[in-house]
Amino acid sequence: DFALWVNGIEKGTTNIGLTPTALSTLKFSRGDGGEDFEGKTKCVAVFKEALTDDELECLTSDETSFSSFNALALANNYTII
């Protein structure tokens, strides 16, 4: 299943799609060199396991404010590598 979350709110879900495998690089583009992302990001995180809806809400909600990414990781018992 796939879900889109924006600012702590689940905006949409679907069970149709292909899950990529053997990913080694994260890129903000279409993947073939076209349509590169132009904008600002505050944080990017990759998780090796699926997060629950509650965990995703905690990570993205304005109501849960952390002073840094390290504080967020510590509060959620994640290890930064």
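The values are calculated or read from the model by the stated rules, or taken from the named source; none is laboratory data. The shown structure was predicted, so the numbers you read here are calculated from the model rather than taken from an experiment. Protein only, heavy atoms only, side chains kept; ligands, DNA and RNA dropped before computing areas. Shrake-Rupley method; radii C 1.70, N 1.55, O 1.52, S 1.80 Å.
If you take the residues of region 25-47 that are on the phi < 0 side of the Ramachandran plot, more than 16 Å from the chain's Cα centre (by Cα) and at pLDDT below 80, which of them is least open to solvent (accessible area, probe 1.4 Å)? Per the criteria, the residue is GLY34.
Checking each residue in region 8-18 for being assigned to a loop (DSSP other than H, G, I, E, B) and either farther than 26 Å from GLU57 by Cα or open to solvent by 100 Å² or more (accessible area, probe 1.4 Å) (or both) picks out ASN15, ILE16, LEU18.
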